[in-house]
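Notes to accompany the following structure.
Throughout, read-outs are computed from the coordinates displayed, never taken from laboratory work. The structure presented is a predicted model; accordingly, all values stated were derived computationally and were not measured. As a convention, Cβ positions derive from the backbone with ideal geometry for all residues, glycine included, and neighbour counts pool all protein chains shown.
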Amino acid sequence: MNLPDYALTAERVPQHRPALVPVQERQRLQGQVAELLAARDAVLVAHYYVDGDVQDLAEATGGFVSDSLEMARFGRDHPAQTLIVAGVRFMGETAKILSPHKRVFMPTLEAECSLDIGCPPAAFAAFRQAHPERTAVVYANTSAKVKALSDWVVTSSIALPIIEHLAAKGEKVLWAPDKHLGRYIQSQTDADMLLWSGACVVHEEFKAKALGDLKRIYPDAGVLVHPESPAAVVGIADAVGSTSQIVEAAGTLPHELFIVATDRGLFHKLRQRHPHKRFIEAPTAGEGATCRSCAHCPWMAMNELQVLADTLADDARLAANEVLVAPETGRQAMIPLERMLAFPRP
Ligand code: 13P
Ligand code: SF4
């Protein structure tokens with residue numbers, strides 16, 4: 001079965017430029033959101049790529065900021081019956097699948113993910129059907145329906161040990177949707193993997209040639225790379241890993257300056273955790289550059305403080321942004337998700 005290229009074309013990527021909000025207004029909005037969360041008995045779970053003010057607010061109000069794996073775990077284990085997920089839709093869906101009895105809302109359901117969009121459930125079902133002998137492992141950046149069709153779900157922080165485990169049992173893997181992450185795992189594990197052809201529009205833009213040029217200007221800089229980036233960029237890295245693994249690596253590695261190939265939202269946490277180190281963005285310019293996202297996911301950027309405040313303040317708007325998953329799909333999708341969460345932490 002020949003797979004078409006499921007990488008999104010430029011016109012399918014929204015242009016989202018967050019509003020510039022003065023400091024005092026941001027503080028006022030943070031106070032308003034904190035009151036609304038308390039009034040609704042809700043806990044805020046945020047991804048590292050969203051607005052830094054939203055991340056700070058999550059932590060200040062008893063919520064959580066992390067990578068997609070730990071967001072899932074926190075949402076499942078926290079006693080609050082209402083979760084507000086600031087991230088992209090697959091993260092909200094994961095929270096709902098793992099806690100079907102809880103109500104899960106997002107600032108806006110328009111926050112999608114190019115990998116999720118690039119893996120339509122019907123096409124994935126056909127891919128799966130064509131290779132029944134393979135174990136289907138999907139990246140968390142997929143819809144509930146695709147997860148429901150799979151044996152395992154993984155995130156970038158736990159993909160390597162899970163695929164190693166499957167390969168050691170002699171299992172052949174059907175992988176979707178991120179071809180770059182799939183190739184990276186293959187290169188590290190030698191597993192037999194058949195890859196779907198999707199990509200993240202943000203990470204795909206990092207350019208190895210321009211990164212090499214930047215390294216020549218800052219020869220002492222360490223390079224931190226998210227594995228959704230192309231192989232040539234990963235090849236220059238001093239550390240490759242999920243968002244939280246990048247934050248950890250910045251502390252463990254001896255460098256004082258880092259070039260970072262991931263969404264620039266992560267710089268907020270990198271600078272908080274490592275105030276004595278410096279971080280610069282890996283280049284998205286260079287030959288063949290299109291810079292549709294310029295290192296900032298347009299869907300993550302939709303999680304603005306004002307949007308969060310407006311959604312929480314208005315019952316109808318909140319209801320319109322509730323994450324719903326069909327019960328049977330949720331039951332099926334919970335199996336591979338629980339499998340991932342039960343796997344020993346790396
Ligand atoms: P992490 O699991 O590393 O947080 O990645 C999620 C994501 O969407 C990266 O683009
Ligand atoms: Fe999806 Fe890429 Fe945005 Fe992450 S950064 S949510 S993989 S489009």
Checklist entry - In cubic angstrom, how much convex hull volume per residue do the alpha carbon atoms of region 62-124 span? => result 95 Å³
Checklist entry - Hey, quick one: spin label on E133, modelled 7 Å out along Cα-Cβ, who in region 181-215 has an amide N within reach, i.e. under 16 Å? => result 192-195
Checklist entry - Lys pairs in the chain, Cα-Cα under 15 Å, at least 8 apart or on separate chains: how many? => result 4
Next on the checklist: What Kirkwood Rh does region 217-346 have if only Cα atoms enter the pairwise 1/r average? Answer in Å.
Outcome noted: 17.8 Å
Next on the checklist: Suppose we keep just the alpha-carbon trace of region 100-180; what are its Rg and Dmax in angstrom?
Outcome noted: 13.9, 43
Next on the checklist: Could you compute the longest span of the chain free of GluC sites (Glu not before Pro) located in DSSP loops and having at most 13 other Cβ atoms within 10 Å, not counting the site residues?
Outcome noted: 1-132
Next on the checklist: Regarding the chain, what's the average projected area of the Cα-atom convex hull, expressed in nm²?
Outcome noted: 17.2 nm²
Next on the checklist: Nearest 5 percent is fine: what portion of the DSSP beta bridges confined to the chain is antiparallel?
Outcome noted: 5 percent
Checklist entry - Under the Karplus relation 6.51 cos²θ - 1.76 cosθ + 1.60, θ = phi - 60°, what is the ordered set of whole-Hz ³J(HN,Hα) values for region 269-276, x standing for Gly and Pro? => result 6, 4, 6, 5, 6, 10, x, 8
Checklist entry - Using every alpha carbon pair in region 147-281, what percent of pairs falls into each 10 Å bin from 0 up to the bin containing the largest distance? => result 12, 41, 31, 14, 2
Item to check | Protection proxy ranking of 311-320, 218-227 - average other beta-carbon atoms within 10 Å, highest first | outcome: 218-227, 311-320
Next on the checklist: Could you tell me the center-to-center distance, by alpha carbons, between region 251-269 and region 175-210 in angstrom?
Outcome noted: 21 Å
Checklist entry - Where a ≥ b ≥ c are the square roots of the eigenvalues of the C-alpha gyration tensor, would you call region 1-148 rounded, which needs a/c under 1.5, or, failing that, prolate if a/b is larger than b/c, or oblate? => result oblate
Checklist entry - In units of 2.2 N^0.38 Å, what is the alpha-carbon radius of gyration of region 203-281? => result 0.97
